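Trainee: Here it is: the structure, laid out below.
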């Protein structure tokens with residue numbers, strides 16, 4: 001990549017004001033700056049455009065500290081996101097938290113790090129190497145022997161000495177150390193102390209003692225830094241006015257809220273990273289808000305299964321009996337659910353699976369993100385199976401689509417997937433406050449006792465309306481016509497056993513008709529940016545933010561007016577076809593190796609296959625804009 | 001009796017066009033015609049389910065018939081034609097039943113499984129269902145063999161049992177009754193498909209049990225496992241059956257008959273007022289003694305006997321899964337939107353906390 005900007009930043013980082021080291025005994029010189037190789041010029045600081053990386057070890061309790069830093073920036077009105085890059089480990093292995101604040105709202109991952117807080121001896125060498133030239137380093141003084149670069153600004157902080165002052169209790173010192181770096185970073189970025197204090201109070205609202213301890217530790221860090229460190233103001237955070245108040249939330253919590261408001265009644269689950277917090281959050285929410293006010297009894301049931309097969313069995317049984325049911329899992333769990341998924345498709349039972357996608361098999365990289373289950377989920381199970389996939393591109397959509405997944409499952413009497421991923425699900429995103437659902441719950445075509453009395457006809461798998469969707473009755477319906485037998489074996493429209501070839505084929509054709517009806521009723525694709533008709537992008541899910549930023553880069557840096565349509569569900573319909581047909585080339589951006597969405601589109605529109613290209617990202621890290629930009633620039637010469 | 005019947009005969013059971021208290025004839029509890037092999041023990045069990053539901057005045061629409069995969073699991077189509085049925089997935093009926101129980105607590109669940117479905121592929125789910133105390137009358141139609149796939153051993157096949165083509169089973173069998181007791185099941189019974197009277201009584205009692213009631217029914221496979229070398233053949237079963245006691249089941253609206261004289265009966269009261277009466281035979285048997293029940297099962301296995309009767313039963317109420325979850329009385333399945341979607345203000349409050 002270029003570039004003038006980068007050269008400028010290197011230039012800026014070199015010319016920093018130099019402050020004499022403080023000779024105090026207990027606190028040694030703290031900021032080492034590269035020697036100016038020319039005349040010192042104070043470069044203007046970069047405002048509200050920064051990537052902060054905090055390197056700690058897993059289990060050191062840095063989560064709350066990082067959340068406070070994130071929230072302080074958020075409260076100052078600056079668009080921000082927080083990403084946890086963590087190991088599959090409970091204690092000890094390196095973990096990173098990345099905060100990106102950007103005035104233009106670009107909060108996807110950016111690889112270039114401006115400020116590094118290096119606290120972990122295990123990763124410090126790599127961490128320091130990855131800091132951009134001119135970047136700021138906050139280094140634990142214990143690790144200063146690892147400082148081997150002279151093109152960065154190193155702020156050495158004696159955390160271990162400071163924490164003794166801040167916290168008399170030895171066992172809490174590890175935690176409190178984290179709050180000291182919050183104070184130091186706050187000073188270096190010119191964060192408002194008032195907002196930091198509020199963020200701490202919010203984080204520890206139910207624990208005033210902890211709030212006090214953390215506040216004093218952060219203040220100590222801030223004050224110490226202001227006395228001992230040179231604030232070059234390389235990057236600063238300044239207050240921004242917001243048109244509308246925003247919320248900060250992760251996708252798993254957003255989905256849980258969606259299920260709460262979608263009226264979920266039976267939840268089965270089995271813990272698996274990164275989906276567990278969907279159900280854990282949902283359990284909290286249901287526990288608070290879903291009890292009968294008169295009797296105090298629960299209007300929901302959550303059962304942790306002995307495995308994903310059982311969880312899928314619970315929700316399939318519950319869906320059959322009429323509950324709005326959901327299970328959440330990730331790749332390996334989807335594999336275990338595959339058999340029952342096929343029955344839910346064929347026997348036409350409403351059920352929702354939330355798939356928070358992660359990398360690889362079994363142990364894989366369970367704490368890294370990808371979009372590797374698209375193809376598998378779409379065709380999950382044996383025989384001819386095709387499922388509805390809702391693919392949220394934001395936390396707002398994680399909420400809305402969770403509600404919609406429950407509606408569509410009952411409308412189409414089938415399995416519906418909510419396809420999230422680790423980046424969307426477990427990381428913190430800024431969003432507009434979620435809206436109360438505008439439409440009532442859709443319970444689909446269910447015939448009650450009264451309906452049966454009126455229509456005097458019921459055949460479970462008869463396509464009465466021509467949309468492929470039959471009617472169903474629920475067990476417990478008191479009417480002689482109500483009962484039917486559900487099975488995986490071949491059946492007639494009246495749900496009786498049949499091995500006749502024509503019965504089987506007719507039924508499969510009706511299922512296709514039903515699937516085609518779904519094309520128009522699932523969340524429709526959105527043209528996020530118009531093109532000049534030459535180059536288009538199709539993307540989906542958590543790639544959205546990076547793709548949008550890339551479009552801006554392509555236009556600013558190469559004058560390319562690339563368009564972008566975001567797919568929000570499968571099956572697709574003619575709009576996607578038209579989009580591909582109307583562009584010379586369409587790049588499908590996705591986070592998997594095998595171009596899974598592109599392959600599905602080529603299957604859907606074989607005549608358009610030559611117009612479909614792929615941009616693939618599959619290293620487990622969230623997609624960043626530069627990856628997309630570079631890939632397009634490699635193929636498309638700038639005008 | 002020496003040979004089982006394959007089809008229920010309404011005339012045999014009710015000579016006149018009699019009906020039960022609901023005004024339903026026995027025939028109303030039948031399903032479609034069985035497609036199992038002629039003489040299959042499973043059909044005899046089907047007949048007793050039909051009769052039990054008839055005699056208990058079960059409302060068909062309140063029943064959910066649940067099964068996994070296998071010969072046994074097909075039988076849910078052969079009884080209670082006016083009930084919803086779900087012939088689900090091999091070894092997974094226990095989980096499906098758990099979901100059904102949660103979605104609609106008013107349903108009376110009848111689960112039919114086989115030895116392969118329960119003890120081989122579905123063992124984990126079977127045990128966890130019991131652990132959760134899902135309300136279901138769970139019948140294992142146990143023939144020690146895979147019928148639908150033509151004669152492979154299941155996990156309940158006895159050690160030394162010989163397949164039709166001569167292969168001997170070298171594994172110890174899994175005893176579903178012992179496992180169920182270990183898992184905390186409070187109604188554990190074993191019977192034999194040819195013993196209609198005992199089976200009928202046990203099914204009726206099981207249907208009234210407020211939790212998981214499991215009945216392991218030895219049900220010989222006439223095609224693949226009814227030969228000399230099989231320990232689940234009719235001949236073997238009849239020769240090695242040891243009844244714990246005669247059992248009488250008395251629904252709430254009937255009086256206990258006088259034939260159970262004072263001192264020779266043990267009456268077990270079920271929570272809905274129904275009673276099971278045990279008549280002790282040659283053994284002073286207390287079905288509430290868990291350790292004794294397990295010992296008996298172990299001894300019986302050593303002696304190659306199979307005990308029939310109510311092997312273990314605990315009186316008193318113990319919360320089923322729905323009660324453990326403290327669910328509302330109305331089925332979750334039919335709760336109205338106002339009960340399952342919190343008000344707008346709650347969402348606003350949550351959004352406020354995220355700002």
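The values are calculated or read from the model by the stated rules, or taken from the named source; none is laboratory data. In this text, all values refer to a predicted model and were calculated from it rather than measured experimentally. Please note: Cβ atoms are built from the backbone with ideal geometry, for glycine as well, and neighbour counts cover all protein chains shown.
Trainee: Quick one: how many residues across region A:222-263 are within 24 Å of residue A:162 (Cα to Cα) and either touching a residue at least 60 places away in the same chain (Cβ under 8 Å) or outside the structural domain of residue A:192 (by TED's automatic domain parsing) (or both)?
Mentor: Of the residues in region A:222-263, 8 are within 24 Å of residue A:162 (Cα to Cα) and either touching a residue at least 60 places away in the same chain (Cβ under 8 Å) or outside the structural domain of residue A:192 (by TED's automatic domain parsing) (or both).
Trainee: A further question on this structure: Of everything in region A:238-264, what is part of a loop (DSSP other than H, G, I, E, B), in contact with a strand residue (DSSP E or B) (Cβ under 7 Å, 6 or more places away or on another chain) and at the interface with chain B (Cβ under 10 Å from one of its Cβ atoms)? Give them in sequence order.
Mentor: A:246, A:264
Trainee: Inspect region A:203-225 for any residue being within 29 Å of the chain's Cα centre (by Cα), within 14 Å of chain B (Cβ to nearest Cβ) and not in a loop (DSSP other than H, G, I, E, B) and give the result as yes or no.
Mentor: The answer is yes; a qualifying residue exists.
Trainee: Then there's this: Return the residues of region A:121-148 that are within 26 Å of the chain's Cα centre (by Cα), under 21 Å from residue A:163 (Cβ atoms) and buried (at least 21 other Cβ atoms within 10 Å of the Cβ); say none if nothing qualifies.
Mentor: A:127
Trainee: Identify all residues within region A:467-487 that are at the interface with chain B (Cβ under 7 Å from one of its Cβ atoms) and surrounded by 19 or more Cβ atoms within 10 Å (Cβ to Cβ); write none if there are none.
Mentor: Matches in region A:467-487: A:474, A:475, A:476, A:477, A:482, A:483, A:484, A:485, A:486, A:487.
Trainee: Out of A:197, A:234, A:177, report the one residue that is surrounded by fewer than 21 Cβ atoms within 10 Å (Cβ to Cβ), in contact with a helix residue (DSSP H, G or I) (Cβ under 9 Å, 6 or more places away or on another chain) and either at pLDDT below 95 or on the phi < 0 side of the Ramachandran plot (or both). Let's see the steps before the verdict.
Mentor: Details: A:234 fails: surrounded by fewer than 21 Cβ atoms within 10 Å (Cβ to Cβ); A:177 fails: surrounded by fewer than 21 Cβ atoms within 10 Å (Cβ to Cβ).
Just a single option satisfies the conditions, and that option is A:197.
Trainee: Residue B:317 is checked against (1) in a loop (DSSP other than H, G, I, E, B); (2) facing chain A (nearest Cβ under 10 Å) and fails just one. What number does that condition carry?
Mentor: (2)
Trainee: If you don't mind, another one. Taking region A:248-288, which residues are touching a helix residue (DSSP H, G or I) at 6+ places or on another chain (Cβ under 9 Å), within 26 Å of residue B:338 (Cβ to Cβ) and surrounded by fewer than 22 Cβ atoms within 10 Å (Cβ to Cβ)?
Mentor: A:281, A:283, A:284, A:285, A:288
Trainee: Counting only residues that are assigned by TED's automatic domain parsing to the domain that holds residue A:77 and within 15 Å of residue A:55 (Cβ to Cβ), give me the helices (runs of 4 or more DSSP H) lying completely in region A:115-201 with at least 2 of them.
Mentor: Passing ranges, in order: A:124-130, A:173-188.
Trainee: Can we say residue B:59 is touching a residue at least 12 places away in the same chain (Cβ under 8 Å) and surrounded by fewer than 24 Cβ atoms within 10 Å (Cβ to Cβ)?
Mentor: Judged against the criteria, residue B:59 is a match.
Trainee: With the checklist (1) within 14 Å of chain A (Cβ to nearest Cβ); (2) at pLDDT below 95 in hand, flag the one item residue B:113 doesn't pass.
Mentor: Residue B:113 satisfies all of (1) within 14 Å of chain A (Cβ to nearest Cβ); (2) at pLDDT below 95 except (2).
Trainee: Taking region A:515-539 as the region of interest, how many residues are part of a loop (DSSP other than H, G, I, E, B), at pLDDT 95 or above and more than 19 Å from residue A:612 (Cβ to Cβ)?
Mentor: Matching residues across region A:515-539 total 3.
Trainee: So which of A:543, A:614 ends up being touching a residue at least 12 places away in the same chain (Cβ under 8 Å), within 29 Å of residue A:368 (Cβ to Cβ) and crowded, with 24+ Cβ neighbours inside 10 Å?
Mentor: Being touching a residue at least 12 places away in the same chain (Cβ under 8 Å), within 29 Å of residue A:368 (Cβ to Cβ) and crowded, with 24+ Cβ neighbours inside 10 Å holds for just one of A:543, A:614, which is A:543.
Trainee: Further question on the same structure: Would you mention how many residues in region B:180-204 are crowded, with 24+ Cβ neighbours inside 10 Å, at pLDDT 95 or above and assigned to a helix (DSSP H, G or I)?
Mentor: The qualifying residues number 3.
Trainee: Being within 27 Å of residue A:367 (Cβ to Cβ), touching a residue at least 60 places away in the same chain (Cβ under 8 Å), touching a strand residue (DSSP E or B) at 6+ places or on another chain (Cβ under 7 Å) and surrounded by 15 or more Cβ atoms within 10 Å (Cβ to Cβ): is that true of residue A:632 here?
Mentor: no
Trainee: Moving on. Please go through region B:323-341 and give me each residue that is at the interface with chain A (Cβ under 7 Å from one of its Cβ atoms), free of Cβ contacts under 8 Å to residues at least 60 places away in the same chain and outside any helix (DSSP H, G or I), ordered by number.
Mentor: Within region B:323-341, B:326, B:328, B:335, B:341 meet the criteria.
Trainee: Follow-up. What are the residues in region A:611-623 that are within 18 Å of the chain's Cα centre (by Cα) and farther than 14 Å from residue A:540 by Cα, if any?
Mentor: A:618, A:619, A:620, A:621
Trainee: Can you name the number of the only condition in (1) at pLDDT 95 or above; (2) closer than 17 Å to residue A:60 by Cα that residue A:137 fails?
Mentor: (2)
Trainee: What are the residues in region B:277-299 that are at pLDDT below 80 and surrounded by 13 or more Cβ atoms within 10 Å (Cβ to Cβ), if any?
Mentor: B:277, B:278, B:279, B:280, B:281, B:283, B:285
Trainee: Look through A:389, A:406 and report the one residue that is under 26 Å from the mean Cα position of the chain (by Cα) and away from every other protein chain (no Cβ under 14 Å).
Mentor: A:389
Trainee: I'd like to know if region A:515-525 contains one or more residues that are within 14 Å of another protein chain (Cβ to nearest Cβ), farther than 30 Å from residue A:110 by Cβ and surrounded by fewer than 18 Cβ atoms within 10 Å (Cβ to Cβ).
Mentor: no
Trainee: Let me ask something else about it. If residue A:337 satisfies every condition in (1) over 30 Å from residue B:342 (Cβ atoms); (2) more than 8 Å from chain B (Cβ to nearest Cβ) but one, which is the exception?
Mentor: Against the list (1) over 30 Å from residue B:342 (Cβ atoms); (2) more than 8 Å from chain B (Cβ to nearest Cβ), residue A:337 comes up short only on (1).
Trainee: I would also like to ask the following. If a residue has to be more than 7 Å from every other protein chain (Cβ to nearest Cβ) and in a loop (DSSP other than H, G, I, E, B) to count, how many in region B:82-102 make the cut?
Mentor: Looking only at region B:82-102, we keep the residues that are more than 7 Å from every other protein chain (Cβ to nearest Cβ), and these are B:90-91, B:93-94, B:101.
From what's left, in a loop (DSSP other than H, G, I, E, B): B:90-91.
Summing the residues that are more than 7 Å from every other protein chain (Cβ to nearest Cβ) and in a loop (DSSP other than H, G, I, E, B) in region B:82-102 gives 2.
This table checks each residue for (1) within 13 Å of chain B (Cβ to nearest Cβ); (2) crowded, with 17+ Cβ neighbours inside 10 Å.
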| residue | (1), (2) |
| --- | --- |
| A:426 | no, yes |
| A:459 | no, no |
| A:465 | no, no |
| A:492 | yes, yes |
| A:495 | yes, yes |
| A:511 | no, yes |
| A:528 | no, no |
